[in-house]
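Here you go, one structure.
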Amino acid sequence: MSKEDIIFLHAPSVYDFRKEFLFYGPVSDMVPSTPVFEMYPFGFTSMAAHLAKNGYKVRIVNLASMMLNDRKLDVEKLISKLKSKVFGIDLHWLPHAHGALEIAKLVKKYHPDAKVLFGGFSSTYFHEELLRYPQVDLIMKGDSTEEPLRQLMEALKEGEPLESVPNLSWKDEKGEHHNPITYVPDSLDYQDVDYGWIVRSVIRHMDLEGHKPFKDWDRYPITMVFSIKGCHLNCTVCGGSCPAMHKFLNRQKPAFRSPEKLAQDVYNIQQYIKAPTFIVGDPRRGGLDYMQRFFAEVKRLGVTNSLVFEFFTPPDEEFYKLASTHTKGFAVEISPDSHDPEVREALGRNYSNEELETSIKNALKYGAERFDVFFMIGLPKQTRESAVKSAEYAKTLYLAANKDPRLCVFISPLAPFLDPASLAFEDPERFGYVSLARTLEEHRARLTSPSWKHVLSYETKWMTRDDIAEVSYEAADAINKARFECGLIDKEELDYRLKRSSEAADMMKRVDAAMAIADPEEKRKAFQELQRRSEELMESTITHKREMEWATKGLIRSVPRAAWAILRGV
């Protein structure tokens, strides 16, 4: 096996989840990945492409996805055979706190002379504590680390001192060192999105499985580009809010990708993959002129991939006019989080239900392929009654949309952790939260709890963890009943969903009972009896994954397209 300059490893949430009893519940219902959180961050792609462009040998190995698709995979054997000077492990999302550190241990076990590098939002927030783990050598901080990583690789190659590498924390025989976060680009035009690098890397290593962004990506490919980094909003539970960016990432203002380059990114992806492209960040933050330029360039280039937009506030009619006349297909996502104006205001979402309903009607009127609405449970000022009413409000939205099946309403608990750096995490009492985990180690330890309810790192003044867990299933029932009453699912499907929800709620109680058994052998037997059914109930209990998927064809359909792009040197 050839030696790389750096190999990026993505760990499962818990290592080894295949040997542990873990009733994850609905913690990943709102994302494409499974409860193992096998989807690696987009930064892997952008960092790898940037390094490859500068002459470094790079590889991505998605261990989490590989472990899901091959339950007998010998992870230690695989890691022992990898050869690299540096192993980069993401700790971007805090639910990877256990798996990332355990994989780092294995890397050090088999490659004691290699450097283990961590990065991501959670790595940045907990960089001082993280560096004290013996298996961690380096931490790259910040939200734009492509160029600092190149400088780090050059310094390591040339044996130069690391004090000059921006954003870096590291340790040596003299102790710990923390360079400040000084590389914070005010524009995202410094690099180009290169999906072609992934295609070439897959061919080079004959390894599609290790490069897949998540388990089912070959069946359901979805791509993404970034329109903005940073935010001007102060949403209470968001670790990427304006205050969080200021204080912990040294980003004083949002940085935009220019509209022309953003359109070019979408077009470049289309050369390799025929699949929807998710535009991360609300591009309307750049203003009307930004959107007009973006859509004009999309039309000029002949983009045919569907575009998926996420919005923080409901778009007006003008946006939908532009989208409908300049694209071959578009979809919308928005997270009002609660139907209750008081809860929504406490959360930082300052718009009315009337604005939301009008926006939905306009989106469907102008041909949106779908409109996804997300509600959450575990919010400031939210009671059990309020959470259920948010789910029941789905019926109001479906009726406002004339029962159009393109509208999809979802609800899920805020799980498993409060975002580090969010206002709620930094000042929990002010926002009505009771914080049950503060350090990285406390979060890491919670992840191996047998039930998702016990993994939760918080309670609120209005709901205990029991309340949050129980009402999550009640709210799921309410949304499914709304779908049935509006003719969006039939009675057979409704009964099936209500049964699964009931069984999942019961499973949570049975896990609690097993946890209370004092005798270790009896406890082991109890969990063994629960294992199979608990695994069946972990996915798609509250939100059914297939309902969240945009219309797309499998990856195999894009093979000729990708091959032709490589031959043409795109």
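Select from segment 222-248 the residues that are surrounded by 19 or more Cβ atoms within 10 Å (Cβ to Cβ), out of contact with any strand residue (DSSP E or B) (no Cβ under 9 Å at 6 or more places or on another chain) and either assigned to a helix (DSSP H, G or I) or outside the structural domain of Gly287 (by TED's automatic domain parsing) (or both) and list them in ascending order.
Those that are surrounded by 19 or more Cβ atoms within 10 Å (Cβ to Cβ), out of contact with any strand residue (DSSP E or B) (no Cβ under 9 Å at 6 or more places or on another chain) and either assigned to a helix (DSSP H, G or I) or outside the structural domain of Gly287 (by TED's automatic domain parsing) (or both): Cys242, Ala244, Phe248.
Pull up segment 160-213, narrow it to residues that are in contact (Cβ under 8 Å) with a residue 40 or more places away in the chain and touching a Gly at 6+ places or on another chain (Cβ under 8 Å), then point me to the one that is surrounded by the fewest Cβ atoms within 10 Å (Cβ to Cβ).
Val184
For Asp137, are the conditions met, namely being acidic (Asp, Glu), touching a helix residue (DSSP H, G or I) at 6+ places or on another chain (Cβ under 6 Å) and in contact (Cβ under 8 Å) with a residue 24 or more places away in the chain? Before the answer, list the steps.
Details: acidic (Asp, Glu): yes; touching a helix residue (DSSP H, G or I) at 6+ places or on another chain (Cβ under 6 Å): no; in contact (Cβ under 8 Å) with a residue 24 or more places away in the chain: yes.
For Asp137, the condition - acidic (Asp, Glu), touching a helix residue (DSSP H, G or I) at 6+ places or on another chain (Cβ under 6 Å) and in contact (Cβ under 8 Å) with a residue 24 or more places away in the chain - is not met.
Then there's this: Taking segment 87-115, which residues are buried (at least 24 other Cβ atoms within 10 Å of the Cβ) and in contact with a Lys or Arg (Cβ under 6 Å, 6 or more places away or on another chain)?
Ala97 - this is the single residue of segment 87-115 that is buried (at least 24 other Cβ atoms within 10 Å of the Cβ) and in contact with a Lys or Arg (Cβ under 6 Å, 6 or more places away or on another chain).
Taking the conditions exactly as written (touching a residue at least 60 places away in the same chain (Cβ under 8 Å), within 30 Å of Thr396 (Cβ to Cβ) and among the hydrophobic types (A, V, I, L, M, F, W, C)), does Ala255 satisfy them or not?
Details: touching a residue at least 60 places away in the same chain (Cβ under 8 Å): yes; within 30 Å of Thr396 (Cβ to Cβ): no; among the hydrophobic types (A, V, I, L, M, F, W, C): yes.
In short, no.
If only one of Val343, Val303 is assigned to a helix (DSSP H, G or I) and more than 23 Å from the chain's Cα centre (by Cα), which one is it? Give the steps one after another, and end with the answer.
Working: Val303 fails: assigned to a helix (DSSP H, G or I).
Exactly one residue qualifies, and that residue is Val343.
Here is a check on your reading of the model: is Glu549 charged (D, E, K, R), under 27 Å from the mean Cα position of the chain (by Cα) and at pLDDT below 90? Full working, then the answer.
Numbers: charged (D, E, K, R): yes; under 27 Å from the mean Cα position of the chain (by Cα): yes; at pLDDT below 90: yes.
Considered against the rule, which asks whether it is charged (D, E, K, R), under 27 Å from the mean Cα position of the chain (by Cα) and at pLDDT below 90, Glu549 comes out as yes.
Let me ask something else. Filter segment 219-260 down to the residues that are among the charged types (D, E, K, R) and closer than 21 Å to Ala331 by Cβ, then identify the one that is modelled with the lowest pLDDT.
Taking segment 219-260 first, the residues among the charged types (D, E, K, R) are 219, 229, 247, 251, 253, 257, 260.
Now narrow it down to the ones that are closer than 21 Å to Ala331 by Cβ: 219, 257.
Numbers: Arg219: 75, Arg257: 95.
If we take residues in segment 219-260 being among the charged types (D, E, K, R) and closer than 21 Å to Ala331 by Cβ, then Arg219 is modelled with the lowest pLDDT.
Now for a different question. Considering segment 316-339 alone, what residues qualify as being in a loop (DSSP other than H, G, I, E, B) and under 17 Å from Val409 (Cα atoms)? Even if it seems obvious, please write down each step before you answer.
Start the filter on segment 316-339 by keeping residues that are in a loop (DSSP other than H, G, I, E, B), which leaves 316, 327-329, 338-339.
Residues satisfying the conditions are Ser338, His339.
When you scan segment 476-490, do you find a residue that is over 21 Å from Ser386 (Cβ atoms) and of a type in the set (Val, Ile, Thr), even just one?
yes
Taking helices (runs of 4 or more DSSP H) that fall entirely within segment 80-193, which contain at least 1 residues that are over 30 Å from Thr34 (Cβ atoms)?
Details: elements: 97-110, 121-125, 127-131, 146-158.
Counting at least 1 such residues, we get 127-131, 146-158.
Ok, one more. Restricted to segment 406-450, and to residues that are closer than 30 Å to Cys486 by Cα and in contact (Cβ under 8 Å) with a residue 60 or more places away in the chain, which residue is surrounded by the most Cβ atoms within 10 Å (Cβ to Cβ)?
Ile411
Could you list, in sequence order, all residues of segment 466-480 that are of a type outside the set (A, V, I, L, M, F, W, C) and either on the phi > 0 side of the Ramachandran plot or in contact (Cβ under 8 Å) with a residue 24 or more places away in the chain (or both)?
Here is the first cut: in segment 466-480, the ones of a type outside the set (A, V, I, L, M, F, W, C) are 466-467, 470, 472-474, 477, 480.
Listed by number, the residues that qualify are Asp467, Glu470, Ser472, Tyr473, Glu474, Asp477.
For segment 47-74, name all the residues that are buried (at least 20 other Cβ atoms within 10 Å of the Cβ), under 16 Å from His10 (Cα atoms) and either in contact with a Leu (Cβ under 7 Å, 6 or more places away or on another chain) or of a type outside the set (A, V, I, L, M, F, W, C) (or both).
Met47, Val58, Arg59, Val61, Asn62, Leu63, Ser65, Met66, Met67
Further question: Please state which one of Ala415, Ala437, Ala475 is closer than 30 Å to Ala514 by Cβ and touching a Gly at 6+ places or on another chain (Cβ under 9 Å). Full working, then the answer.
Working: Ala437 fails: touching a Gly at 6+ places or on another chain (Cβ under 9 Å); Ala475 fails: touching a Gly at 6+ places or on another chain (Cβ under 9 Å).
Only one candidate qualifies: Ala415.
Can you tell me which residue is farthest from Tyr125 (Cα to Cα) among those in segment 194-209 that are part of a loop (DSSP other than H, G, I, E, B) and among the charged types (D, E, K, R)? Step through it out loud before you land on a result.
Initial filter on segment 194-209 (part of a loop (DSSP other than H, G, I, E, B)): 194, 206-209.
Cutting the leftovers down to among the charged types (D, E, K, R) gives us 194, 207, 209.
Details: Asp194: 28, Asp207: 33, Glu209: 31 Å.
So, considering only residues that are part of a loop (DSSP other than H, G, I, E, B) and among the charged types (D, E, K, R), the one farthest from Tyr125 (Cα to Cα) is Asp207.
Could you say which residue among Ala363, Ala346, Ala323 is surrounded by 22 or more Cβ atoms within 10 Å (Cβ to Cβ), of a type in the set (Gly, Ala, Ser), within 28 Å of Asp477 (Cα to Cα) and touching a residue at least 12 places away in the same chain (Cβ under 8 Å)? If you could, list the steps in order and put the result at the bottom.
Working: Ala346 fails: surrounded by 22 or more Cβ atoms within 10 Å (Cβ to Cβ); Ala323 fails: within 28 Å of Asp477 (Cα to Cα).
Answer to the selection: Ala363.
The values are calculated or read from the model by the stated rules, or taken from the named source; none is laboratory data. What you see is a predicted model; the values in this text were computed from it and never measured. Cβ coordinates were reconstructed from backbone atoms using ideal geometry, including for glycine residues, and neighbour counts include every protein chain displayed.
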